[in-house]
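Quick notes on the structure that follows.
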Amino acid sequence: VALQQNGMAIAYAGKELQANRELLEVALHKSGEALELLEAFQNDEEVVLWAVQTSGTCLRFACDELRKDPDLCLEAVRQNWQAIEYCDPILYSDWDFMKQAIRSSWRCLSFAHPDLCNDKEVVRIALRQSWLAMAQASASVRQERDLVQEAVQTGAWQVLLHADPALQDDEELVLQAVESSGFALSCASQRLRDHEELVFRAVGDQPMALEYASERLRDREDLVFPAVQMDRCALEHATDRLRGSFQFVMRCVESNGMVSEFASEELRANEEIMTAAVKQDWRAVNFAPPSLQSNLQSKQT
């Protein structure tokens, strides 16, 4: 009964009870951590297996020889990927073991031998789980266009963050990424951030992607105004010229008074601009300087 409630109790039982393998199995399936106190069984493959099936990281209590056992280690990793930290490093260069471990969790790639991080197929297994795996890939694998494209086509546009710079400058590839999310513009090369079609698509999908456009395009009213209409905060990423343009900001606040928050300091102190902003949305009064707020409030009254 005690073991069914707390498997750790086996550690305090007599040797006769500990020798009962049925009781050991019950205890370790309840609490794998009990293995830490069962030093006599840390070289017993079956007993260690029971422990890691309950808690993979209990592999750290196994003897050195068992931590070289690929089958046992794989059981541990499947239960908890962090158990790979306790595998003998010799397994990190074992292609079959690492492939299975990475299938269990892409995070295991970070423990792989550099030669495996240079293996396109190994990296592909990890990438199909998470684009973050590309950060562990070798420089040559990051140049593999088909690998990056496969990830982009599944919606994992962020893979471009870790791709080779040449792929970040690949117009077709970046366009595919932008079609998935406008924020993919953040992964594009400086040249493509000045590409009108690509930037207009990106900002049309995600107005805050304006932040990643070139300065030339962030100065375009026909790009910035629609973005501001979708998300007032987009004005924050426009050029200083536009944020300080009386005519442009007036046009914006007449559509959404709250846009005034991101106008230049000079225009937020302009009574005509702020009157229009407050008329459209009374909350905009909070963005005017204190010296102007009383006047705006009295006009509103």
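The values are calculated or read from the model by the stated rules, or taken from the named source; none is laboratory data. Every value quoted in this text rests on a predicted model; they were computed, and no experiment measured them. For neighbour counting, all protein chains shown are included, and Cβ atoms are generated from backbone atoms with ideal geometry for every residue, glycine included. Side chains are part of the model used for accessible areas, which takes the heavy atoms of the whole protein and leaves out ligands, DNA and RNA. Shrake-Rupley method; radii C 1.70, N 1.55, O 1.52, S 1.80 Å.
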- Message: Per residue of segment 135-140, what does 6.51 cos²θ - 1.76 cosθ + 1.60 with θ = phi - 60° give for ³J(HN,Hα)? Whole Hz please, x for Gly and Pro, Karplus curve as stated.
- Response: 5, 8, 6, 6, 4, 5
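At 0.36 nm per residue, and after removing the present C-alpha to C-alpha distance, how many nm does the segment from Ser93 to Glu121 gain when stretched out fully?
Roughly 8.6 nm would be gained on extension.
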- How much length is gained if the chain between Val26 and Arg216 is pulled fully straight, taking 0.36 nm per residue apart and subtracting their Cα-Cα distance, in nm to one decimal? 61.5 nm
- Using only the Cα atoms of the chain, build the gyration tensor, take square roots of its eigenvalues as a ≥ b ≥ c, and label the shape rounded, prolate or oblate: rounded if a/c is under 1.5, else prolate if a/b is larger than b/c, else oblate. oblate
- Between Ala40 and Thr154, what is the spin-label point distance in nm, taking each point 7 Å from the Cα along the Cα→C-beta axis? 4.9 nm
- Largest first, how would Leu37, Leu296 line up by accessible area (1.4 Å probe)? Leu37, Leu296
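Which order do the peptides 122-131, 80-89 come out in when sorted by mean C-beta neighbours inside 10 angstrom, highest first?
Answer by packing, highest mean first, reads 122-131, 80-89.
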- Result for the chain: accessible area per residue, probe 1.4 angstrom, in square angstrom, of 50 Å²
- Carbon and sulfur atoms account, in whole percent of the 1.4 Å probe accessible area of the chain, for 44 percent
- Query: So who's got an amide H within less than 5 Å of the one on Ser31, skipping anything under 5 residues away but keeping other chains? H placed 1.01 Å off N, in plane.
  - Reply: Gly7
- Query: Using the alpha-carbon atoms, what tilt in degrees (0 to 90, nearest 10) does helix 95-104 show relative to the longest principal axis of the chain?
  - Reply: 60 degrees
